[in-house]
Amino acid sequence: LQAYERRFPTCPLIPMFVASDTVNEYKSEDEAIHVIERRCKLDIDAPRLLKKIAGVDYVYFVQKNSLNRRERTLHIEAYNETFSNRVIINEHCSYTVHPDNEDWTCFEQSASLDIKSFFGFESTVEKIAMKQYTSNIKKGKEIIEYYLKQLEEEGITFVPRWTPPVACKSESSTSRPRRPVSPAINIPESATKEGLNNKEILNSSSSPSEPTAGTPDDKLDADYIKRYLGDLTPMQESCLIRLRQWLQETHKGKIPKDEHILRFLRARDFNIDKAREILCQSLTWRKQHQVDYILDTWNPPQVLQDYYAGGWHHHDKDGRPLYVLRLGQMDTKGLVRALGEEALLRYVLSINEEGLRRCEENTKVFGRPISSWTCLVDLEGLNMRHLWRPGVKALLRIIEVVEANYPETLGRLLILRAPRVFPVLWTLVSPFIDDNTRKKFLIYAGNDYQGPGGLLDYIDKEIIPDFLSGECMCEVPEGGLVPKSLYRTAEELENEDIKLWTETIYQSASVFKGAPHEVLIQIVDASSVITWDFDVCKGDIVFNIFHSKRAPQPPKKDSLGAHSITSPGGNNVQLIDKVWQLGRDYSMVESPLICKEGESVQGSHVTRWPGFYILQWKFHSMPACATTNLPRVDDVLASLQVSSHKCKVMYYTEVIGSEDFRGSMTSLESSHSGFSQLSAATTSSSQSHSSSMISR
């Protein structure tokens, strides 16, 4: 706490933190409570044009620090004073003592951002805010360590704990036993509440925690941990128990094994809230697509069995299952043309499910926990053909799905015989790979894998595949070119993709340049909720929501089909008459949302008035970049594909009456997950929430 206080009135390690003034301060008589409120001056790293439009050079925040020496807690609240009528920012941090080890400090941080309006720069402001917040989080540990070291240099290595004054001893002596002071003492319910619900560490349970009791509910058996889970600290063990217990109490469906829950916890550094969020999303995804049954119910097409150059091959020196992928020998373009993106994705999912099964088998065989596998990728033969845009797009989507649903399953990735074209592919792919995963990559050019630090360090000589000058015959298919006679048309592939992954509730629509697709929704009662879920299968579109007091005329099927077009890939319906004027006959109720090809968009709108609402998907043309002559990355990718004036969307909409809706409105706010980091469009009515790690 002394180290933290040294950040004020200003901190040289935070350049944007210019100054701060104390506006209010309170100390209790026994000095146990110290509340201080400061007005902080920040120099935000924003474009000068934006500052000029906003008319400010600095922004001001109010920060309130509440220190309770008796309970050993520090709670920090901050909110913006500048533009508070346009932008609402709230941040909360807490430092508390771990209930089972009083020498550990627990830290939790969360923040929310709600942009109501900002001179038409709502998206820019959101990006700036997220950038600043992420940067501050990354530097937080560095700053506190800096001041801790400064204290040590001054000879301060120990600060005595607060003790009540003599006059207060009689009063405080009755309250001291109510606080957890050692791992052997239970945490009373009142003490847990006074800890301000530290979700990360002090999440209260229905029964008191007794670490010395060793009951199955609050402690895992030591032999079980060693045999199946690996080394866990008491805090990590506690996180696993609480997350599993929460799933048992709330989750309807199959509860994953401890090993799988542990993967999600490790992927989020044992932050229970974050791990719970991504685990629940993954469980919903698995149920929706019946992934648990994929190995038993789905047979890969013969084309995959013949031309997909990958397969399982023994294990590495650590006992991990070994998967061999001869990517350089694989005709990715031919596979995509013959099978489609969804069939390839499903095949990769079956490989991952098989990997999980093999990890369980190897755990039993080797008598120690094995929770990940090793992948060996041979790139000999990789060329520009592998950079075919739909193939790269399919690869990026596969990476996104695997990263989200199979965290911490890749133990090591050995990339061999990387050619000169590999850096181009790596530049396209690497931004979509988690930092922790990237640390597991080992890349060898040419024959470097045969030297010191090469393949023999990770794989026994006896099982090195023959095509890598080894002694072991590898049964992985050699790949080769997929015959063009097996290629299918784009419409056939799209229909197959839809059949693979969607139910009949989804509808398919075509969007043409100059001919948007529109859906009419009639609202009788205000405060109803219109929800939508759509995928942009092809092209880039703009999503709009309009309101009109009068119903548009039904589509006319004239000789030219100007109002209603039917195509093999989906319908095109236009409802807004060309004579209608925006602002007179109908109004826009949400800011336009630009959606890139491959994005999945979910969102909602709370209706203010009864009447007729029109959801519109409109063709989006990329504007020319006037500020530079250099091509952008998305332009380069787009140039690999012949331009088209046709887009495809697959959508589902629903109206929830206000009397039927129960739950948090934030669960229905607009969000979209794109396969491309280049698209980050947001709406001005959207609300972004972050908890120490920003995710879109």
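The values are calculated or read from the model by the stated rules, or taken from the named source; none is laboratory data. Computed from a prediction, not measured in an experiment: that's the story for all the values here. Every residue, glycine among them, receives a Cβ derived from its backbone with ideal geometry; neighbour counts consider all protein chains shown. Keep in mind that these areas ignore ligands, DNA and RNA; they rest on the heavy atoms of the full protein, side chains included. Shrake-Rupley method; radii C 1.70, N 1.55, O 1.52, S 1.80 Å.
Quick notes on this structure:
- Label-zone membership for the range 390-424, site Asp457, 7 angstrom Cα→C-beta point, backbone N under 19 Å: 411-418
- With bins 10 Å wide beginning at 0, the percent of Cα pairs of the range 269-365 falling in each bin runs 13, 35, 36, 16, 1.
- Site pair Tyr652 and Leu582 shows an inter-label distance of 3.0 nm when each label is modelled 7 Å from Cα along Cα→Cβ.
- Measuring between alpha carbons in the structure, the pairs from Lys364/Lys461; Lys393/Lys484; Lys287/Lys333; Lys578/Lys646; Lys64/Lys116; Lys254/Lys274 lying more than 26 angstrom apart are Lys287/Lys333.
- Difference of contour (0.36 nm per residue) and Cα-Cα distance, Lys64 to Gln305: 80.5 nm
- Normalised by 2.2 N^0.38 Å, where N counts its residues, the alpha-carbon radius of gyration of the range 222-289 equals 1.09.
- Ordered from highest to lowest accessible area with the whole protein assembly present and a 1.4 Å probe, Glu259, Glu237, Glu360, Glu154 read as Glu154, Glu360, Glu259, Glu237.
- Across every pair of non-identical alpha carbons in the range 297-485, the mean reciprocal distance, once inverted, gives a Kirkwood radius of 17.1 Å.
- Kirkwood radius for the range 1-154, taken over all pairs of different Cα atoms as the inverse mean of 1/r, rounds to 17.1 Å.
- Semi-axis lengths, Å, the range 369-422, gyration tensor of Cα atoms, sqrt of 5 times eigenvalues: 24, 17, 6
- Counting 0.36 nm for each residue step from Ala551 to Ser112 and taking away their Cα separation leaves a gain of 154.2 nm.
- Karplus-based coupling profile of the range 131-139, in residue order and whole Hz: 4, 5, 5, 4, 4, 5, 5, 5, 8, with θ = phi - 60° in 6.51 cos²θ - 1.76 cosθ + 1.60 and x standing for Gly or Pro.
- Annotation: extensible slack from Trp312 through Gln281 equals 8.3 nm (criterion: 0.36 nm per residue apart, minus Cα-Cα distance).
- If a spin label sat at a point 7 angstrom from the Cα of Lys141 along the line to its beta carbon, the backbone N atoms of the range 264-284 nearer than 12 Å would be those of 269-270.
- Placing pseudo-labels 7 Å out from each Cα toward the beta carbon at Ala222 and Arg438 gives an inter-label distance of 4.1 nm.
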